[in-house]
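Peer 1: Just dropping this structure here.
The values are calculated or read from the model by the stated rules, or taken from the named source; none is laboratory data. As the structure is a computational prediction, the values presented were derived from the model and not from experiment. Quick reminder, even Gly has a Cβ in these numbers, built from the backbone with ideal geometry, and neighbours come from all protein chains shown. Heavy atoms of the whole protein, side chains included, go into the accessibility calculation; ligands, DNA and RNA do not. Shrake-Rupley method; radii C 1.70, N 1.55, O 1.52, S 1.80 Å.
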Amino acid sequence: MAWRTPSLMTDRKYLGMDKPITRRDFMEGSLIGAAGLALPSISGNVSANPLGPQYPPSLTGLRGSHDGSFETAHALALEGKTNWPAPTAPDTGEYDLVVVGAGVSGLSAAWFYKARYPDARILIIENHDDFGGHAKRNEFDVGGRHIIGYGGSQSLVAPSAYSEVATGLLSELGVTSEALGATYDLEFYKKHNLAASIYFDQATFGVDKTIRTDFLDASGFVPLSQAGLSAAETVPLMPIADEAKQEMLRLIEGSTDKLPNHSFWSEPEFLASISYDEFIKKYLGVTHPDVGKVLRNTTGSYFGHGTDVTPAMYALGFGLPGIKSTSLGIFSGLINKFIEWTSEPYIYHFPDGNASVARLLVRSLMPEVAPGNSMQDVVLSDFDYSKLDVADSQVRLRLSSTVINVAHTDSHDAVDVQYMRAGQNHTVRAKQVVMACYNMAIPHLCPELPGEQKAALKKLVKIPLVYTNVVLNNWRALKKLGVGFAYAPGSWHQMAMVDFPVSFDDYAFSANEDEPIVLHLNRTFQNDGGDADEQSKVGRYELLGTSFDAIEEATRSQLAGWLSEGGFDPAADIAGITVNRWPHGYAWSQDLYTGTPMSPADIPNVIGRKRHGRITIANSDAGARAYLDCAIDEAWRAVNELEQI
């Protein structure tokens, strides 16, 4: 347990806000926008790289949906802009396939199409300055050492349950769960005695305090060392009101069934129909606001929302207290064991998350872009972005290009795709199109879609989130305090952790506390009132209105508060910061609490993904699951639908 002086946590000089580290060189994406404005029109054999010599994964500051990637789409969707410049045709001839979106689903669609039609001419159009979509790669150079982190899509989750299609594609790319899992050092956290903790910040709880504790069981996510302090033992140490402590202990230790009107067999369905907040307030009498402050954000990193809109059954399965106050509590030990026996370990992770899967797809589609031929060598393989969009290539990938209109020709034997690039309006023609972009944007891009389909697509509101990577010169403070994970209920980032310890051939994870390491922090947006979709919309505007400077200061203050007792110096120990903001992050899911169950005929992603003539729809949105395998499966479905034409 550690206590600190609050005044230091708001001192900008102490926090290192005056340090000229490289993350300010591209602050707010200003140089990215400037490079785009100077971009020449596409001509000759090679189209110019919008970033010139810049290598997108190495850019710091605000990444994810960076400045320059969304303004055109917002002008179209939010302002109804129609007065675009007159279009030009930068490419001669007709493409066999145009894919809108270079995320994993779009790249997979191109891969499946090329495997089926080896001579096909394919163009992939992407609004960001990098490929991969949410599978974002962040790179840092610290003291001559190359450090890689992930800025989005994180891991292969439960790969044994993947479809034959998803497993087959990964196998073709050289990825197997056995080989990938072997790169994870399962003993790292234990051998360095890094356990979980809760960090209470002064602004929210009146005191700056860290408790090393097993209050939240993160073992299914990270194989941490045990802190040795149980949830019940932690409560008296929390800086909350005494009445709240009593309620929290009753929630943790209660063993009387508070749902007598529901049997063991009907209880799961009932608990899935109410939120966790409703469960503990209405049925368990846990109402003190301090309890809510502590527990509200616990579910955010996994479900994308707080306990007020997370189904009680899901929250209890996630590990929040209260199951003993149901008839299921009698079997809670067996249930936990069953979950442990049937769950796959969360260890299938590249250093850059699923960005390596995107890189493998790009290298397979365009071998001239990067050397190598294996899962291991792609991690450090040099990618030449100038070769992504070469005129005589069968497959081309065009970055920093935002599609504004997709429409069949009058004869319906082709599709015209318009996009904006560096202020110019371009049109390309394709025999077929896969829309592998954010599905909620598609009604604005394809006005000719049927009204029912457009209405369904507009319901697929994605969940905003932030993945921040902080690279440290060393992690001596973490080692001294014995912490590798923090839940921070009042801080801007609700979770912070040492990145997953994976090593690939020549890429080695930090071996000891004197070497650089990446801390991964994330934030989701919880707002009072409203259902999950309404909260996502409010959170999106909040995120887009938050500057990098504000996020950086909040990040430094949080890490100082969490780690200063271990000697952490935010001004000296932080070598770089990359903030990956995703206003449209996790895919919409029908499983989130809505209060009313949906019949299959009303599920919006199913209605929304219907093929329309020569246009099909992919992306994880179409499967309503924010997972890698879903993105691949939806690409397969979309390409198969094109065969029906």
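Peer 1: Please work out how much length the chain gains when fully extended from E172 to H146, using 0.36 nm per residue of separation minus the C-alpha to C-alpha distance, in nm with one decimal.
Peer 2: On the way: separation 26, 0.36 × 26 = 9.36 nm, distance 2.82 nm.
Contour length minus the Cα-Cα distance gives 6.5 nm.
Peer 1: Contour minus end-to-end for E269 and D382, with contour as 0.36 nm per residue of separation and end-to-end as the Cα-Cα distance? Write down the numbers at each step before the final one.
Peer 2: Numbers: separation 113, 0.36 × 113 = 40.68 nm, distance 5.06 nm.
My answer for the length gained is 35.6 nm.
Peer 1: In addition: Out of all Cα-Cα pairs in segment 97-238, roughly what percent, to the nearest whole number, are more than 22 Å apart?
Peer 2: Numbers: 6326 of 10011 pairs.
Considering segment 97-238, 63 percent of its Cα-Cα pairs are separated by more than 22 Å.
Peer 1: Given a 1.4 Å probe and every protein chain left where it sits, what share in percent of the accessible area of the chain is carbon and sulfur? Intermediate results must be reported in sequence, preceding the final value.
Peer 2: Details: 12890 of 24600 Å².
Carbon and sulfur: 52 percent of the exposed surface of the chain.
Peer 1: Another question, if that's okay. Size of the chain along its principal axes in angstrom, Cα-based, largest extent first?
Peer 2: Taking the Cα atoms of the chain, the three principal extents are 73, 59, 46 Å.
Peer 1: Check which residues have an amide H placed less than 5 Å from S197's amide H, if you skip close sequence neighbours.
Peer 2: T213, F485, A486, Y487
Peer 1: Then there's this: May I ask you to derive the relative contact order of segment 349-457, considering only C-alpha pairs under 8 Å and at least 6 residues apart, and to give it as an integer percent?
Peer 2: Details: 121 pairs, mean separation 16.3, N = 109.
Once normalised by length, the contact order is 15 percent.
Peer 1: How much accessible area per residue does the chain have, in Å², with a 1.4 Å probe? Please list the in-between numbers first.
Peer 2: Numbers: 24600 Å² over 645 residues.
Each residue of the chain exposes 38 Å² on average to a 1.4 Å probe.
Peer 1: Could I ask something else about it? Tabulate in residue order the Karplus-calculated ³J(HN,Hα) for segment 117-129, using 6.51 cos²θ - 1.76 cosθ + 1.60 with θ = phi - 60°, rounded to whole Hz; enter x for Gly and Pro.
Peer 2: Working through the residues one at a time gives 10, x, 8, 5, 9, 10, 10, 10, 10, 9, 7, 7, 8 Hz.
Peer 1: Got the relative contact order for segment 149-222 handy, in percent, Cα pairs under 8 Å and 6 or more residues apart? Please list the in-between numbers first.
Peer 2: On the way: 36 pairs, mean separation 12.8, N = 74.
Normalised by residue count, the contact order of segment 149-222 is 17 percent.
Peer 1: Would you give the gap between the C-alpha center of segment 283-313 and the C-alpha center of segment 172-204, rounded to a whole Å?
Peer 2: 25
Peer 1: Another question, if that's okay. Using a cut-off of 14 Å between beta-carbons, work out the net charge of the residues near V406 (Lys and Arg +1, Asp and Glu -1, V406 not included). Present the calculation step by step, with values, prior to reporting the outcome.
Peer 2: Working: positive: R429, K431, K454, R611, R614; negative: D416, E448.
Local net charge: +3.
Peer 1: Right, another one. Using only the Cα atoms of segment 212-310, what semi-axes does the equivalent ellipsoid have when each is the square root of 5 times a gyration tensor eigenvalue? Give whole Å, largest first.
Peer 2: On the way: eigenvalues 106, 63, 41 Å².
Working through the eigenvalues yields semi-axes of 23, 18, 14 Å.
Peer 1: Pairs of Cα atoms under 8 Å, at least six residues apart: use those to get the relative contact order of segment 72-210, whole percent.
Peer 2: On the way: 103 pairs, mean separation 17.3, N = 139.
With pairs under 8 Å counted, the relative contact order is 12 percent.
Peer 1: Using each residue's phi in segment 431-438, evaluate 6.51 cos²θ - 1.76 cosθ + 1.60 at θ = phi - 60° and report the 3J(HN,Hα) Karplus result to the nearest Hz, with x for Gly and Pro.
Peer 2: Going residue by residue, I get 5, 8, 9, 10, 8, 10, 9, 4 Hz, with x marking Gly and Pro.
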